[in-house]
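Q: One structure follows; several queries about it will come next.
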Amino acid sequence: MEAEEFLDQLLAEKRRAEDDPAEFAINFRGFIFPYMIFDHGYLGYFAPREFKKDVIFDRAVFETYTPFDGATFNGQALFEEATFTGYTSFAKAIFNGKASFDGATFNGNVLFHETTFNGDTSFDRTVFNRDAWFYGATFSSVTFRRTIFLGEVLMGAQFGGLTVFDRTVFQRDTIEPDDFAYLIEPKPLPNTKVTIFDGAIVDRDGEVRFIQPKEYNSQLGVEKNFCLSHVSFLNVDLEMFNFQDVEWGIYHGRKTIIEEVLMGRPPFEDVSPERVRQIYARLRRNQERALRYAEAGDFFVGEMEMRRRVLRSRGWRGLPEGIMLWIFKSLSNYGESVARPTLATLLVVLGFAGLRLLLNEMSDLLPNQPLSWQESVWRSVAAFFQLRSSSLWTDISERLISIPVLATLFIALKRKLERRS
């Protein structure tokens, strides 16, 4: 069939459905579109830009370039289980009713740039095998349940209602343990794909909700990890983001973000440690409000690690604060570990107790007698907790050493108790 004849058939079916009051929808279910043409006569767009009724493209196959740029869908627009073979564009299209791409497959790049979704929208079980761009799109409410993104994704859209990412695969279907070792050993993979929320805006009555749990696969006998390891929240206000049952990437034994791993490398070659620190700070505050203190603690550690990198870049000017942060990390992992300062306390007390015995310090209880082991321990405990003051250099040294240890122990205990309350 010639292109012109094909277009005439499509337009005739569209006009018939729109003019027939008994028809509720324009039905192209299961239709195969071998090529697309503009009504101006060149390859591209197959029909006028406005659909007055519901339009059904369920299980349709678009075999080439598919532009719906600027189209207006006044009723429901159903593309369920449709297949888009080539480049697809819905740029500046308007969906006034429900839009469903459930089960659809995009084998080429797809563009939803400045697309307006005024009704409920769903991309459930949709597979994006190449890049997908939602930058500048507007959603009233949208769901991405078990959606698979295998290419780069620009998700800088405006979310007006509830947005749900439920068991979504972002770039990499990970199997536990999920970490970033494959990116940094021996070298990063070229062109690492990431979902980028830079530019995303959430209205005050909106919410972006992530539900990314581990899920046991009985057939494979492994835990499937719907992880956020490839999601970037650079320059995003996270106040209206809700992370429920979420798995994060692991780096250096802690939950972390991909910006830290790929900092200075594509696609974050221009991202500085200070900008990564800001992301960690926003995530920490988000998780503290949600009472998810384990995640908040890891993000605080990441925040402090980035602060140390900033100080190192300042040279000698950042040295004093850098030394203090190094001590803070060594003694208590930036206040996140009670075990470290507790262990340091035991080591200092027992170490100085043994040192006093080696130096044959004299007893305070028995004149002209050397210290016993019990008295040496109690003297060391008293000096450590600032309860003993003497001119002995061992007491002075232990009291000085105990100051940072006690300070970090106090901070760590305070953080734990505040979180439990």
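The values are calculated or read from the model by the stated rules, or taken from the named source; none is laboratory data. Values in this document were obtained by computation on a predicted structure and should not be read as measured data. Neighbour counts run over all protein chains shown; Cβ positions are idealised from the backbone, glycine included.
Q: Can you name the residue in the stretch 156-170 that is among the aliphatic types (A, V, I, L, M) and within 28 Å of Tyr216 (Cβ to Cβ) and, of all such residues, is surrounded by the fewest Cβ atoms within 10 Å (Cβ to Cβ)?
A: Leu162
Q: If you don't mind, another one. Here is a list: Ser397, Ser402, Ser376. Which entry is part of a helix (DSSP H, G or I) and touching a Phe, Trp or Tyr at 6+ places or on another chain (Cβ under 7 Å)?
A: Just one listed residue meets the conditions, Ser402.
Q: Inspect the stretch 341-350 for any residue being in contact with a helix residue (DSSP H, G or I) (Cβ under 9 Å, 6 or more places away or on another chain), over 19 Å from Arg379 (Cα atoms) and at pLDDT 95 or above and give the result as yes or no.
A: yes
Q: Considering only the stretch 311-344, state which residues are in contact (Cβ under 8 Å) with a residue 40 or more places away in the chain, in contact with a Leu (Cβ under 9 Å, 6 or more places away or on another chain) and not small (Gly, Ala, Ser).
A: Those that are in contact (Cβ under 8 Å) with a residue 40 or more places away in the chain, in contact with a Leu (Cβ under 9 Å, 6 or more places away or on another chain) and not small (Gly, Ala, Ser): Leu331, Val338, Arg340, Pro341, Thr342.
Q: Hand me the list of helices (runs of 4 or more DSSP H) wholly inside the stretch 222-332 holding 3 or more residues that are outside the structural domain of Val164 (by TED's automatic domain parsing), surrounded by 17 or more Cβ atoms within 10 Å (Cβ to Cβ) and under 12 Å from the mean Cα position of the chain (by Cα). Steps first, answer last, please.
A: Working: elements: 258-261, 273-289, 293-313, 319-332.
Result: 273-289.
Q: Name the residue that is modelled with the highest pLDDT, counting only residues in the stretch 379-421 that are more than 20 Å from Leu331 (Cβ to Cβ) and among the hydroxyl-bearing types (Ser, Thr, Tyr).
A: Taking the candidates together, the pick is Thr394.
Q: With Phe31, Phe68, Phe57 as the choices, which residue is in contact with a Ser or Thr (Cβ under 7 Å, 6 or more places away or on another chain), at pLDDT 70 or above and of a type in the set (A, V, I, L, M, F, W, C)?
A: None of the other options fit; the residue is Phe68.
Q: So, one more: Cβ contacts < 7 Å: first residue assigned by TED's automatic domain parsing to the domain that holds Pro404, restricted to the stretch 380-392; second residue assigned to a loop (DSSP other than H, G, I, E, B) and not acidic (Asp, Glu), any location; separation 6+ or different chain. Result?
A: Ala382/Arg388
Q: For Glu361, state whether it is more than 19 Å from Leu406 (Cβ to Cβ) and surrounded by 17 or more Cβ atoms within 10 Å (Cβ to Cβ).
A: yes
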